[in-house]
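Chemist: A single structure is presented below for examination.
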Amino acid sequence: MITSDPGIDAAAPPPNTLAERLDALNEFDREPVPQSRLQGKGSFIGLYAGEHVAGTEFVIGPLFVAHGVAAGDLFLGLLLGNLLAVLSWAFITAPIATRTRLNLYWQLRKVAGPNLLFAYNIVNALMFCFLAGSMISVAATAVGLPFGMRMPELADRYPNSAGWVLVVFLVGAVVTTLAILGFSKIATLSKVAAPWMFLVFVAAAVAVLPTLGVRSVGDFWPVAQERIWTGVPAEGVRKFTFWHVLFFAWFCNMAMHIGMADMTILRYARKWQYGFLSAFGMYLGHFVAWIASGILTAAALGSIAPGPIAYLGAGVAGAICVVIAGWTTANPTLYRAGLALQTISPNWKRWKVTLVAGAITTSAALFPALMMKLLDFVALYGLILMPMGAVIFADYWLLPKLGLRREYAQLQRLLFSVPAAVSWVGTLIACWALNRITGLEIFFLGLPGWFMATLLFIGLSYAQQMNGVRTPAYRTVESEP
Amino acid sequence: MRSWLKVISFVGLGLTVVPALLVFAGSIPWATHARLMMVGTVLWFATAPLWLGRTDGTH
């Protein structure tokens with residue numbers, strides 16, 4: 001029987017099926033990256049440093065303070081957690097990215113089949129919408145400053161004033177319009193803003209240190225312990241320990257490293273060792289910037305709202321920094337969400353899909369809970385997408401060692417890989433059960449979850465390949481009308 | 001021309017961060033730091049896009 005993979009046949013008719021629609025959107029990245037387009041170290045240093053000094057950093061640092069992290073736990077937890085994140089990029093993501101030279105989309109398509117990939121894309125799009133929503137909330141706290149808007153507080157879950165609703169709508173409308181009009185210009189602005197944003201973080205923190213009683217470098221540590229990271233959580237907030245900090249720092253980008261999303265970036269690396277360059281993002285963004293924003297929140301007497309705390313440290317430039325940080329993070333995220341959602345309604349123009357994504361995002365941004373619970377959301381986001389990274393890892397390295405075939409969905413032209421689907425959903429259910437039964441918090445579920453997903457996929461792949469179980473295949477040439 | 005643009009950009013970055021160190025050292029008041037930082041911000045965004053955003057955008 002001659003079979004025709006719609007993703008491969010150049011003479012295929014216009015996209016009709018789910019698989020064809022998805023492939024058409026990702027057409028540009030179909031081929032492995034050629035040698036001539038590989039990038040040097042400088043590109044990766046800039047990329048990682050820029051990507052991880054973002055709007056989220058204005059919220060995460062203050063939330064550690066609110067959760068009563070002690071100074072020693074914070075510094076040690078961040079040092080080690082970020083190291084584990086760098087090692088995950090270097091030893092898990094980069095080796096597969098530099099061998100396949102494909103992005104996550106095409107690699108996962110081979111392993112999971114196009115229909116399962118569609119489901120993954122939609123989940124990813126919704127997560128992107130919520131992430132962009134939290135960044136719109138962040139920007140709104142700065143835009144509302146000159147209008148005397150009532151700022152959301154740590155315990156706020158719902159919109160706290162009409163002013164908040166208006167400002168969020170305004171920021172959401174601007175971000176959505178710009179995402180529709182000029183994504184590439186925003187991407188350029190993001191690149192330009194990155195070094196400046198990092199310096200604003202540092203400068204703002206340094207400028208408020210005297211108000212906390214730090215007059216010399218030697219004063220810093222005692223003040224850090226007694227007035228910044230005191231070890232006492234805010235009222236009604238659970239306390240974080242060293243382990244919370246370590247696991248959060250390791251897994252806040254879980255979707256990117258062990259979830260394999262950064263294959264999209266690292267496929268351009270000349271060597272797999274470039275994965276270590278993620279250290280520039282981790283230690284500038286997730287160490288220095290988190291510490292800086294924590295200092296700012298202590299100087300602001302515990303206020304969490306990013307706009308006011310940045311203004312306190314850096315004046316108008318600080319408020320502008322919060323707007324730009326939120327905007328440059330929200331914009332590409334919204335664009336990616338729109339791209340993923342376009343697979344549902346392929347006849348819609350890109351602007352219409354981005355508008356829908358913008359509406360979802362802005363509606364989510366109305367709820368300050370999204371920003372105030374950012375640590376939990378980021379952990380959930382990574383956890384939901386991570387099992388597919390484990391599936392790619394197991395498929396690439398472990399299945400061949402067990403005498404099984406790699407990329408079985410592509411080999412058998414399956415639309416839907418049952419082992420990948422069960423590993424994904426099964427892992428999430430198991431993590432949920434682990435949380436419910438043992439009380440293990442969401443920040444710690446990624447590690448057992450990764451092993452669960454890996455083992456499930458290996459076991460189910462073994463059963464599938466030994467029994468020759470098939471699920472529906474791509475349409476065949478003979479089945480065409 | 002490009003070199004001059006870069007010099008102005010880096011002066012902008014300098015004005016973003018150095019005044020904060022002077023506040024810490026007690027040499028200037030916070031309000032001066034905030035104003036200088038704003039000047040640095042304007043210099044950076046007026047000049048950096050003319051050279052920094054023009055490199056290869058492979059990613």
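The values are calculated or read from the model by the stated rules, or taken from the named source; none is laboratory data. Just so you know, these numbers come straight off a predicted model, no measurement behind them. Cβ coordinates were reconstructed from backbone atoms using ideal geometry, including for glycine residues, and neighbour counts include every protein chain displayed.
Chemist: Quick one: is B:Gly12 within 30 Å of A:Gln35 (Cβ to Cβ), at the interface with chain A (Cβ under 9 Å from one of its Cβ atoms) and either at pLDDT below 95 or under 17 Å from the mean Cα position of the chain (by Cα) (or both)?
Modeler: Criteria not met by B:Gly12.
Chemist: What number of residues in the range A:206-242 are within 14 Å of chain B (Cβ to nearest Cβ), of a type in the set (S, T, N, Q) and in a helix (DSSP H, G or I)? Please lay out each step first, then the result.
Modeler: Filtering the range A:206-242 down to residues within 14 Å of chain B (Cβ to nearest Cβ) leaves A:206-220, A:223.
Those left that are additionally of a type in the set (S, T, N, Q): A:211, A:216.
Still in the running and in a helix (DSSP H, G or I): A:211.
Qualifying residue count for the region: 1.
Chemist: A further question on this structure: For the range A:29-132, which fully contained helices (runs of 4 or more DSSP H) count at least 2 residues that are away from every other protein chain (no Cβ under 14 Å)?
Modeler: A:57-66, A:71-88, A:94-100, A:104-112
Chemist: I would also like to ask the following. Mind checking whether some residue in the range A:139-159 is within 14 Å of another protein chain (Cβ to nearest Cβ), among the aliphatic types (A, V, I, L, M) and touching a residue at least 24 places away in the same chain (Cβ under 8 Å)?
Modeler: The answer is yes; a qualifying residue exists.
Chemist: Anything in the range A:133-178 that is among the aliphatic types (A, V, I, L, M), assigned to a loop (DSSP other than H, G, I, E, B) and under 23 Å from the mean Cα position of the chain (by Cα)? List them, or say none.
Modeler: Selection gives A:Leu154 alone.
Chemist: Answer with yes or no whether A:Thr56 is crowded, with 22+ Cβ neighbours inside 10 Å and either without any contact (Cβ under 8 Å) to a residue 40 or more places away in the chain or among the polar types (S, T, N, Q) (or both). So that I can check it myself, show each step before the final result.
Modeler: Values: crowded, with 22+ Cβ neighbours inside 10 Å: yes; either without any contact (Cβ under 8 Å) to a residue 40 or more places away in the chain or among the polar types (S, T, N, Q) (or both): yes.
So A:Thr56 fits the description; yes.
Chemist: So, one more: Would you be able to tell me the number of residues in the range B:13-35 that are among the polar types (S, T, N, Q) and under 20 Å from A:Ile309 (Cα atoms)? Reasoning before the result, please.
Modeler: The initial filter retains those residues of the range B:13-35 that are among the polar types (S, T, N, Q), namely B:16, B:27, B:32.
From the residues that got through so far, the ones that are under 20 Å from A:Ile309 (Cα atoms) too are B:16, B:32.
Here the count works out to 2.
Chemist: Go through (1) buried (at least 22 other Cβ atoms within 10 Å of the Cβ); (2) touching a helix residue (DSSP H, G or I) at 6+ places or on another chain (Cβ under 6 Å); (3) over 20 Å from A:Leu374 (Cα atoms) for A:Ala305 and report which single condition fails.
Modeler: With (1) buried (at least 22 other Cβ atoms within 10 Å of the Cβ); (2) touching a helix residue (DSSP H, G or I) at 6+ places or on another chain (Cβ under 6 Å); (3) over 20 Å from A:Leu374 (Cα atoms) applied to A:Ala305, the lone miss is (3).
Chemist: While we're on this one: Under the condition of being over 23 Å from the mean Cα position of the chain (by Cα) and assigned to a loop (DSSP other than H, G, I, E, B), which residue from the range A:292-347 is nearest to the other protein chains (Cβ to nearest Cβ)? Break it down stepwise before answering.
Modeler: Of all residues in the range A:292-347, those over 23 Å from the mean Cα position of the chain (by Cα) come to A:295-303, A:308-320, A:345-347.
Filter again for assigned to a loop (DSSP other than H, G, I, E, B), leaving A:300-303, A:345-347.
Numbers: A:Ala300: 14, A:Leu301: 16, A:Gly302: 20, A:Ser303: 17, A:Ser345: 28, A:Pro346: 26, A:Asn347: 30 Å.
Residue satisfying both the conditions and the ranking: A:Ala300.
Chemist: Looking at the range A:233-242, which of its residues are under 14 Å from A:Leu375 (Cα atoms) and in contact with a Phe, Trp or Tyr (Cβ under 9 Å, 6 or more places away or on another chain)?
Modeler: A:Phe240
Chemist: Something else about it: Has the range A:235-242 got any residue that is surrounded by 23 or more Cβ atoms within 10 Å (Cβ to Cβ) and either in contact (Cβ under 8 Å) with a residue 12 or more places away in the chain or hydroxyl-bearing (Ser, Thr, Tyr) (or both)? Quick ask: steps written out before the conclusion?
Modeler: Filtering the range A:235-242 for residues surrounded by 23 or more Cβ atoms within 10 Å (Cβ to Cβ) gives A:240.
Remaining after also requiring either in contact (Cβ under 8 Å) with a residue 12 or more places away in the chain or hydroxyl-bearing (Ser, Thr, Tyr) (or both): A:240.
The answer is yes, given that some residue of the range A:235-242 is surrounded by 23 or more Cβ atoms within 10 Å (Cβ to Cβ) and either in contact (Cβ under 8 Å) with a residue 12 or more places away in the chain or hydroxyl-bearing (Ser, Thr, Tyr) (or both).
Chemist: Determine if the range A:66-83 includes at least one residue that is among the small types (Gly, Ala, Ser) and within 18 Å of the chain's Cα centre (by Cα).
Modeler: Yes.
Chemist: Let me ask something else. Scan the range A:186-205 and report the pairs whose first residue is at the interface with chain B (Cβ under 7 Å from one of its Cβ atoms) and whose second residue is not in a helix (DSSP H, G or I), with Cβ atoms within less than 8 Å and a gap of 6+ or a chain change.
Modeler: A:Thr188/B:Gly57
Chemist: What residue, of A:Ala369, A:Ala473, is at pLDDT below 95 and closer than 30 Å to A:Val168 by Cβ?
Modeler: Only one candidate passes the filter, namely A:Ala369.
Chemist: Can A:Thr3 be described as modelled with pLDDT under 85 and not aliphatic (A, V, I, L, M)? Walk me through how you get there before you give the answer.
Modeler: Numbers: modelled with pLDDT under 85: yes; not aliphatic (A, V, I, L, M): yes.
Yes: the conditions hold for A:Thr3.
Chemist: Among the residues of the range A:423-442, what is the count of those that are within 24 Å of A:Phe240 (Cα to Cα), free of Cβ contacts under 8 Å to residues at least 12 places away in the same chain and in a helix (DSSP H, G or I)?
Modeler: 6
Chemist: Would you mind stating whether A:Leu374 is hydrophobic (A, V, I, L, M, F, W, C) and modelled with pLDDT under 95?
Modeler: Yes; evaluated as a whole, the condition is true for this residue.
Chemist: Just name the residue that is farthest from the other protein chains (Cβ to nearest Cβ) out of those in the range B:19-29 that are outside any loop (DSSP other than H, G, I, E, B) and surrounded by fewer than 18 Cβ atoms within 10 Å (Cβ to Cβ).
Modeler: In this case the residue turns out to be B:Leu22.
Chemist: Something else about it: Do you know which residues across the range A:81-120 are over 13 Å from A:Ala420 (Cα atoms) and touching an Asp or Glu at 6+ places or on another chain (Cβ under 6 Å)?
Modeler: Once the filter is applied, which keeps residues that are over 13 Å from A:Ala420 (Cα atoms) and touching an Asp or Glu at 6+ places or on another chain (Cβ under 6 Å), the range A:81-120 yields A:Thr93, A:Asn103.
Chemist: So if I check each of A:Arg99, A:Arg150, A:Arg157, A:Arg109, which one is charged (D, E, K, R) and in contact with a Leu (Cβ under 6 Å, 6 or more places away or on another chain)?
Modeler: Details: A:Arg99 fails: in contact with a Leu (Cβ under 6 Å, 6 or more places away or on another chain); A:Arg150 fails: in contact with a Leu (Cβ under 6 Å, 6 or more places away or on another chain); A:Arg157 fails: in contact with a Leu (Cβ under 6 Å, 6 or more places away or on another chain).
Only one candidate passes the filter, namely A:Arg109.
Chemist: Could you please let me know if A:Thr438 is of a type in the set (Ser, Thr, Tyr) and within 25 Å of A:Ala249 (Cβ to Cβ)? So that I can check it myself, show each step before the final result.
Modeler: Working: of a type in the set (Ser, Thr, Tyr): yes; within 25 Å of A:Ala249 (Cβ to Cβ): yes.
Yes.
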